[in-house]
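A short worksheet on the structure shown next.
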Amino acid sequence: MCRAKYYLKNCSEIGAHILSGNVFDPKALLELFPEMAEEGDNHWTKVFHNEQGSYATPVKDDKFLVLTEDKSMQIPNILLPSQLHNDGNYIISLSQLCRWMGQKAEELGVEVYPGFAASEVVLDEATGAVKGIATRDVGVGKDGKPKATFERGSELHARQTLFAEGARGSCTEFLTEKFDLRKGGTIHPQTYGLGIKEVWEIPEEKFQAGLVQHTLGYPLQSSITDKVFGGTFLYHQEPNLVLVGMVVGLDYQNPYLNPYREFQKWKTHPDIKTHFEGGTCVSYGARVLNEGGFHSIPKLTFPGGALLGCAAGFLNAVKIKGSHTALKSGALAAEAAFAALSEEEGVEPVADSFEYPENYTPKELTSYEEAVKNSWIHDELYEVRNSHEAFSRWGVGGGLVYTGLTAHITKGREPWTLAHTTRDADKTKECKSFEPIKYPPPDGKLTFDLLTNLQRSGTFHEDDQPSHLRIKPELCDIPKNVSLQIYGGPEQRFCPAGVYEYVDNEEKSGGGPDKKLVTNAQVRTQHVCVAFFCFSFHVANSKLFCS
């Protein structure tokens, strides 16, 4: 007998860390709930709306535009890769979908514990295998000392622990290094993008139910050879919402580029700003994405556990979707875990005994990795495996041509690999090669300063809580001698929450620097981008790298 019992999430409720803005492919969902595929009152969209009060709006109009500074050109849909077509997809609130699926899991007997972050991986001392996770201590002051509200974190043990942390989670990074999941560097390094989003409420006369619009060009790319990888999305979801955002690949070369301000600038384009006229921005957020695709997927399993979803790197950057692959990988991992644990005779479930079995050696779910290889996850990612690198090598023009050829002719069967061997951080060029970018000031109606938008992000952190980010002691000279002096301090520009700031150095003496780097932990929305954009990885996530 075996049972999946516990699900931990590091937010106040399931979905609280997820901002709306998703064109959802329901393929994996309907594999989980095939009874909800038929039209009628039991169709998943009806059940979802009845139980969550949130609409799943069918995609009715699908556009892909190339923007110049003041004009736009639509690419005919027939020329677009099939994976960019959204027939049969729905515009949803992903946050509400996660809440709904959390409820479904609880109905099946899973115990869901929001508000508890998995801060570290627990290993079995005898076998070295994963035996669970530990939650973070709470009630700790900024000085690292316990406060009156202190509570020790707990260890949760299990025969199999499945990690679905999203892009570059701290536990995932630990596991990757511990079990050499990148196989000594033979797997391509992961590449990342930063997604910045807003949600607007607009007047009924401006609303276009089911509109999906993506763009390339202005302001990120100014010519067909421009190598900034990124674009925008704009979706109209019922009853009157516009879900809008920009994704910028973190392998851009110009250290003066500011993703947040590029996004605000994009909204002023004549063919874009009309969508927001008379509307109100009601929410803001940001998220890091992994964009390496097929070539960057690590080994998925290790003794006692496995990686799922974006923790494994299953995002399809061409399709601009990852929720469907996350759902599918979760189902495949659950099936593999159930089969493996069911074969173990005489072992009482931890959920029943409340004890990890003595002298127990966890299995490795090799069948899960094999199942992924035999699934549509593999097929979908393999088909577009070279697209990102094509944009990186030949710019937006060459990337579009290559992606078009592979989509319509080779269908991913080309017998070569466009290898990606360079970290995002190593593509940043010295600031002396560029002029600082002048961005228009925000008007407070269509465009906003960062602090104003942060108030819409729903994030809250106590002023005296410990920072999750610290400068690595052995690299404390990097910010002042390398990042600021050579690269112009890009940390203060790429962060979508203003966490990183160079301030006057009041302790300056003996010809020291005029500025020093500080982290404003209380305003962070998505801080992990610094860990793989900075040139020497000098900023560390404290729960992983620092004592």
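Values quoted throughout were computed directly from the atomic coordinates according to the rules given, and no laboratory measurement underlies them. Since the model is a prediction, treat every value here as computed from it, not as a measurement. Virtual Cβ from ideal backbone geometry, glycine too; neighbours counted across all protein chains shown.
Taking the Cα centre as origin and putting +1 on Lys and Arg beta-carbons and -1 on Asp and Glu beta-carbons, what dipole magnitude results for the chain, to the nearest 20 debye?
Working: 55 positive and 71 negative charges, 319 e Å.
The dipole magnitude comes to about 1540 debye.
When every alpha-carbon pair in region 334-437 is counted, what percent end up more than 16 Å apart? Spell out each step's value before the answer.
Details: 3961 of 5356 pairs.
The answer is 74 percent, as a whole percent.
What residue among Gln221, Phe174, Gly231 has its Cα farthest toward the positive end of the dipole of region 121-238, where the charges are +1 on Lys, Arg and -1 on Asp, Glu, each on the Cβ?
Most positive-ward Cα: Phe174.
What spacing in nm lies between the two simple spin-label points modelled at Thr68 and Phe338, each 7 Å away from Cα in the Cβ direction?
The answer from the label model is 5.7 nm.
To the nearest Å, what is the center-to-center distance of region 180-237 and region 84-140, using C-alpha atoms only?
What the calculation gives is 25 Å, centre to centre.
Kindly put Ser296, Ser342, Ser375 in sequence by how many other C-beta atoms sit within 10 Å of each C-beta, fewest to most. Display every interim value, and only then the final one.
Values: Ser296 22, Ser342 10, Ser375 16.
Placing the least packed residue first, the sequence is Ser342, Ser375, Ser296.
At what distance in angstrom do the alpha carbon centres of region 352-413 and region 34-57 lie from each other?
30
Contour minus end-to-end for Asp514 and Lys411, with contour as 0.36 nm per residue of separation and end-to-end as the Cα-Cα distance? All intermediate terms of the calculation are to be shown ahead of the outcome.
Working: separation 103, 0.36 × 103 = 37.08 nm, distance 5.47 nm.
Fully extending the segment from Asp514 to Lys411 adds 31.6 nm.
Using just the Cα positions, wrap region 1-159 in a convex hull and report its mean projected area in square nanometres, one decimal place. Display every interim value, and only then the final one.
Details: hull surface 68.1 nm².
Answer in nm², one decimal: 17.0.
Within a 10 angstrom radius of the beta carbon, how do Val503, Val288 rank from fewest other beta carbons to most?
Working: Val503 12, Val288 23.
Ranked by crowding around the Cβ, least crowded first: Val503, Val288.
Could you work out the helix-only [θ] at 222 nm for the chain, with each DSSP H run of four or more residues adding -39,500 (n - 2.57) and the total divided by the number of residues, to the nearest 500 deg cm²/dmol?
On the way: 17 runs with 135 residues, N = 547.
-6500 deg cm²/dmol, from helical runs alone.
Report the local net charge at Ser367: Lys and Arg +1, Asp and Glu -1, summed over other residues whose C-beta lies under 13 Å from its C-beta.
Details: positive: Lys363, Lys373; negative: Glu335, Glu343, Glu364, Glu369, Glu370.
Overall, the nearby charge balance is -3.
Please state the equivalent ellipsoid semi-axes for region 255-358: what are the square roots of 5 times the Cα gyration tensor eigenvalues, largest first, in whole Å? Could you put the intermediate results ahead of the total?
Details: eigenvalues 391, 56, 35 Å².
Whole-Å semi-axes of the equivalent ellipsoid: 44, 17, 13.
Can you check how the C-alpha radius of gyration of region 290-344 compares to 2.2 N^0.38 Å, as a plain ratio? Could you put the intermediate results ahead of the total?
On the way: Rg = 12.4 Å, N = 55, 2.2 N^0.38 = 10.1 Å.
Taking the Cα Rg and dividing by 2.2 N^0.38 Å, one obtains 1.23.
For region 121-194, max minus min Cα coordinate along each principal axis, in Å, sorted largest first?
48, 38, 19
Stretch Glu13-Glu430 to full length: gain in nm at 0.36 nm per residue minus the Cα-Cα span? All intermediate terms of the calculation are to be shown ahead of the outcome.
Working: separation 417, 0.36 × 417 = 150.12 nm, distance 4.27 nm.
Going from the current span to full extension adds 145.8 nm.
Which entries of Lys363/Lys472; Lys265/Lys427; Lys27/Lys60; Lys142/Lys299; Lys145/Lys183; Lys60/Lys411 show an alpha-carbon separation above 28 angstrom in the structure shown?
Details: Lys363/Lys472 36 Å; Lys265/Lys427 24 Å; Lys27/Lys60 18 Å; Lys142/Lys299 37 Å; Lys145/Lys183 39 Å; Lys60/Lys411 26 Å.
The answer is Lys363/Lys472; Lys142/Lys299; Lys145/Lys183.
As a test of understanding, state the convex hull volume per residue of the chain from its alpha carbons, in Å³. Don't skip to the end; give the middle numbers.
Working: hull volume 91.5 nm³, N = 547.
It is 167 Å³ per residue.
Note down the Stokes-Einstein diffusion coefficient of region 177-257 in µm²/s, whole number, using a Kirkwood radius over alpha carbon pairs, 20 °C, and 1.002 mPa s. Write down the numbers at each step before the final one.
Working: Rh = 15.5 Å.
D = 138 µm²/s.
Could you calculate the contour length gain from His43 to Glu358, that is, 0.36 nm times the residue separation minus the distance between their Cα atoms, to one decimal place in nm?
Working: separation 315, 0.36 × 315 = 113.40 nm, distance 4.66 nm.
Going from the current span to full extension adds 108.7 nm.
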